[in-house]
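Readers should treat all values here as calculations from the given coordinates under stated rules, not as data from a laboratory. Computed from a predicted model, the values in this text were never measured in an experiment. Please note: Cβ atoms are built from the backbone with ideal geometry, for glycine as well, and neighbour counts cover all protein chains shown.
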Amino acid sequence: MEINLIRKNDKFNFEAENSSGFKVEMDAKLEIGGEGKGFRPMEMLLIGLGGCSGIDMVNVLTKQKEPLDDVKIKITATRKTEEMPPIFDVINIHFDMYGALNVQKVERALALTFDKYCSVSNILGRSATINFTYTIHQ
C-alpha cells in the first residue's frame with residue numbers, strides 16, 4: 001500500500017493519491033490558516049471507519065444472503081480537547097439499512113464487523129469508545 005501527497009499551495013492544502021490514481025484533498029482548519037479546500041486529517045480517519053465498517057458489514061450480510069437494498073452511514077465524534085494531541089474520545093456510527101432484513105443477522109453482521117473484521121475500527125477502538133447503532137427501514 002502506498003499513498004503519495006503533494007502540497008497544492010503555500011499553506012496547508014495537500015492532495016493525496018493512491019496507487020490506483022484516486023485522489024482526495026486535505027486542508028487544515030480555518031483557525032490556523034486552512035482555506036477549506038479539503039477534508040481535515042481527523043475527518044479522513046472517520047471516513048476510513050465508515051468505509052471499512054460499511055464494506056465489512058455489506059460483505060457479511062451478502063454472505064448471509066440478506067436482501068440489503070441500501071445503507072447510509074452517519075458518524076459523529078468527540079475529541080479529548082484537554083489533551084495534546086486531541087485524539088478521539090467517543091465515536092458514534094449509525095447505519096440506516098434498507099431492505100427486508102433479519103434483525104438477528106444484522107446484529108451478527110455488525111458484531112463481526114466491529115469485533116473481528118474492520119481494521120480501522122480495531123485501530124481507533126484502542127483509544128476511543130466506538131458505539132454503533134442501526135435502524136432497519138423495510
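Taking the condition in contact with a Phe, Trp or Tyr (Cβ under 8 Å, 6 or more places away or on another chain), under 25 Å from A128 (Cα atoms) and either surrounded by 12 or more Cβ atoms within 10 Å (Cβ to Cβ) or of a type in the set (D, E) (or both), does G48 pass?
Answer is no for this residue.
Return the total of residues in the range 55-110 being of a type in the set (D, E), under 26 Å from M44 (Cα atoms) and touching a helix residue (DSSP H, G or I) at 6+ places or on another chain (Cβ under 8 Å).
Residues flagged as of a type in the set (D, E), under 26 Å from M44 (Cα atoms) and touching a helix residue (DSSP H, G or I) at 6+ places or on another chain (Cβ under 8 Å) within the range 55-110 amount to 1.
Return the total of residues in the range 6-41 being in contact with a Phe, Trp or Tyr (Cβ under 8 Å, 6 or more places away or on another chain), over 20 Å from P86 (Cβ atoms) and surrounded by fewer than 11 Cβ atoms within 10 Å (Cβ to Cβ).
Residues that pass the stated criteria total 2.
Do you know which residues across the range 120-138 are polar (S, T, N, Q) and outside any helix (DSSP H, G or I)?
Hits for the range 120-138 are S127, T129, N131, T133, T135, Q138.
Can you tell me which residue in the range 123-138 is surrounded by the most Cβ atoms within 10 Å (Cβ to Cβ), limited to those that are of a type in the set (V, I, T) and in contact with a strand residue (DSSP E or B) (Cβ under 6 Å, 6 or more places away or on another chain)?
This residue is I130.
Scanning the range 56-84 for residues that are without any contact (Cβ under 8 Å) to a residue 12 or more places away in the chain and more than 19 Å from Q104 (Cα to Cα), which turns out surrounded by the most Cβ atoms within 10 Å (Cβ to Cβ)?
Result: K80.
Please tell me if V120 is surrounded by 14 or more Cβ atoms within 10 Å (Cβ to Cβ) and closer than 22 Å to M1 by Cα.
Yes, satisfied.
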